[in-house]
Amino acid sequence: MTETAWTPDQPIISIRDVHKSFGALEVLKGVTFDVMKGEVICIIGPSGSGKSTLIRCINALNDIQAGSITVEGLEVHAPKLDKLALRKKVGMVFQQYNLFPHKTALENVMMAPLKVLKEPKADVEARARALIRKVRLDGKEDSYPGELSGGQQQRVAIARSLAMRPDVMLFDEVTAALDPETVKEVLVTIKELAAEGMTCILVTHEMGFAREIADHIYFTDRGVIVEHGPPKTFFTEARDPRTREFLSQIL
Amino acid sequence: MRPARPIPGVTAPRQGDLPVLLPFRASAPDRADGLRFSRWLADLPAAVPVVLGALAAAWPAVAYAQGGYGMTQALEALWRWLPFLVTSGFALNILISFFTMVIGTAAGVILGLWQISVHKPVRNTAWFVTQLFRNSPWLVLLFIVMLAFPFEIRIGDQVIPVPDWMKAVIGLSLPIMANISEIVRGAVQSVPSGQWEAAESLAFSRAQTLWQIILPQCFKRMIPPWMNWYAILTMATPLVSLLGVEEIVTLSRQAMEAENNMPELLVPFYGFCLIIFFAYCYPIARLTMRLERKFAVKQ
């Protein structure tokens, strides 16, 4: 039994004492936290602190050595994980967009519902067009990724993820590779998504943005969560010297 | 820096290697491109066949001017035989290269996909077969197939004769298969791993990812090296003359015998062979390099 009954009053994501190593290098050394439905979580911390690895573990792109992660009661690292069920629940957006370069923006958005979920084409297309409008890319439906700016590609990538109707969205440093002038358009899209009640976990270096949209901020360093709290207190009342040092360098 | 996540079959064989202790690979720079032959050929000026032709034609005049049999007679002999050499000889070379390419490509694509299989025994076997046929002398492979293959196949009462040129096709298909296999493997591995991860996060299965996302991106990249191998193969088809297949070099030899083996004939006849191969492969090489440049810009 890998799936236990889940009700919305329980954490949608539950991470318990997760350990993850790459060979001899231990990247996560016992991470524990819960995410409630509709919450927006930002994970911040210096590079190499394991933030990206952590969210990649949530949708099983990375395996873990010990601990457990459940998404809506589904045990993510169970040996007989139903990967399709997990990936329908969890959408992910990457730093490098990773759009499929041989497909147009519209086709990128349509592909997974069409080929994986085998939904009817008319429905999928209507939904995809609506999503492209939602990320404010009307008129770019037939453009190839190579013809779009980084910010536009990243918004297509968000729409592509949303087309699977996930319950949780993971954002892995999605603005880190963008030109400064296009960062904002992507952040606006994420903000709208959060306002609609989507559960979001973001790994980010945009402190102003984290402060603005996060319900809760986690600070990781060397594979552990050093400190966490709501943004109001987190940025002003950090207690741990490591957090303070990081914040003083960044803010 | 996050260590790259291996994609089973595609990057897995390297797992565990320490970066500093990787064995020296003499062939590594070659693999990135694999178009050395076409690049060299395409870079030749188009005047080369004209110069070659002039040299071949002038040879009897220069070398044997003192004899009774001179340039005029040698060229007349070539002219008499030329239609036969082209329609019976060179046409068979093209036919062999065509069938070899069809069989070699079909088998090579399958072998190449096995090379990136998630199942280690399949992957290792495919790798071994690829390396075996890629690094064996073509002529040895040809001799083995020629001598080991029956000259006729019996199915019930039906007797299907296997002509020599058909056996040559099978022999030449082996190294072509192995090289196409490497092209397929290399092209799949050249796709950034982010593509696999994005597909995986969208719930695509491995097979769906490979066929719908990775291979369509590889297709264009595979065309130039594939054409490169076609040109190399076509140039190699005269090898089968050593096995008695009546292609252009065999027929040229027979034609010279019919002309009393005059030594003045050697250079015009073989020179003509060189020119016709060049004339056939040169445009292919030029096109290969043009496609290579075109696809390189797009990527």
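Each value in this text was obtained by applying a stated rule to the coordinates, not by laboratory testing. Please read these numbers as outputs of a predicted model, since none were measured by experiment. For neighbour counting, all protein chains shown are included, and Cβ atoms are generated from backbone atoms with ideal geometry for every residue, glycine included.
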(request) Using only Cα atoms, find the angle between the long axis of helix B:71-84 and the longest principal axis of chain B, and express it within 0 to 90 degrees, rounded to the nearest 10. (result) 50 degrees
(request) Please determine, in degrees from 0 to 90 and to the nearest 10, the orientation of helix B:91-115 with respect to the longest principal axis defined by the Cα atoms of chain B, where the helix direction is its Cα long axis. (result) 10 degrees
(message) I'd like the antiparallel share, as a percent to the nearest 5, of DSSP beta bridges with both residues in the protein assembly as shown.
(response) 60 percent
(request) Please give the contour-minus-distance gain from A:Ala122 to A:Val188: 0.36 nm per residue of separation, less the Cα-Cα distance, rounded to one decimal in nm. (result) 20.9 nm
(message) Could you tell me which residue out of A:Ala238, A:Ile15, A:Gly91 lies farthest along the dipole of chain A toward its positive end? Charges go on the beta carbon: Lys and Arg +1, Asp and Glu -1, centred on the Cα centre.
(response) A:Gly91
(request) Determine the relative contact order of chain B: mean sequence separation of Cα pairs under 8 Å and six or more apart, normalised by residue count, in whole percent. (result) 30 percent
(request) Take every Cα pair under 8 Å in the range A:142-251 that's 6+ residues apart, average their separations, divide by the length, and report that relative contact order as a whole percent. (result) 20 percent
(request) Compute the relative contact order of chain A as a whole-number percentage, counting only Cα pairs closer than 8 Å that sit 6 or more residues apart in sequence. (result) 25 percent
(message) Using the basic label-point model (7 angstrom from Cα toward the beta carbon), what is the B:Arg39 to B:Leu287 distance in nanometres?
(response) 2.2 nm
(message) Of B:Val249, B:Pro238, B:Pro224, which is farthest towards the positive pole of the range B:214-269's charge dipole, taken about the Cα centre with +1 and -1 on the beta-carbons of Lys, Arg and Asp, Glu respectively?
(response) B:Pro224
(message) Students often get this wrong, so check it: of A:Lys88/A:Lys118; A:Lys80/B:Lys120; A:Lys51/A:Lys89; A:Lys37/A:Lys89, which have C-alpha atoms separated by over 18 Å?
(response) A:Lys80/B:Lys120; A:Lys51/A:Lys89
(message) Just to check, using Stokes-Einstein with a Kirkwood Rh over alpha carbon pairs, what's the diffusion coefficient of the protein assembly as shown at 10 °C and 1.306 mPa s in µm²/s?
(response) 57 µm²/s
(request) For chain A, set up a Gaussian network in which alpha carbons nearer than 10 Å are linked by springs, and say which option among A:Phe100, A:Phe22, A:Phe171 fluctuates the most. (result) A:Phe22
(message) Which residue, B:Asn179, B:Trp114, B:Thr72, has the largest displacement toward the positive end of the dipole of the protein assembly as shown when charges sit on each Cβ (Lys, Arg +1; Asp, Glu -1)?
(response) B:Trp114
(request) Please list the helices of chain A that count as membrane-span-like by this rule: a mean Kyte-Doolittle hydropathy of at least 0.0 together with Cα atoms stretching 20 Å or more along the helix axis, each helix being a complete DSSP H run. (result) A:180-195
(request) Report the charge-dipole magnitude of the protein assembly as shown in Debye, nearest 20, computed about the Cα centre from +1 at each Lys and Arg Cβ and -1 at each Asp and Glu Cβ. (result) 280 debye
(message) Quick check: the angle from helix B:164-190's long axis to the longest principal axis of chain B, C-alpha only, nearest 10 degrees?
(response) 40 degrees
(message) So if I take the alpha carbon set of the range B:45-298, get Rg, then get Rh from the Kirkwood formula, what is the Rg over Rh ratio?
(response) 1.09
(request) With only Lys, Arg, Asp and Glu charged, each at its Cβ (+1 for the first two, -1 for the last two), find how big the charge dipole of chain B is about the Cα centre; round to the nearest 20 debye. (result) 1480 debye
(request) For the range A:108-165, restrict the atom set to alpha-carbon positions and state the Rg and Dmax in Å. (result) 10.7, 31
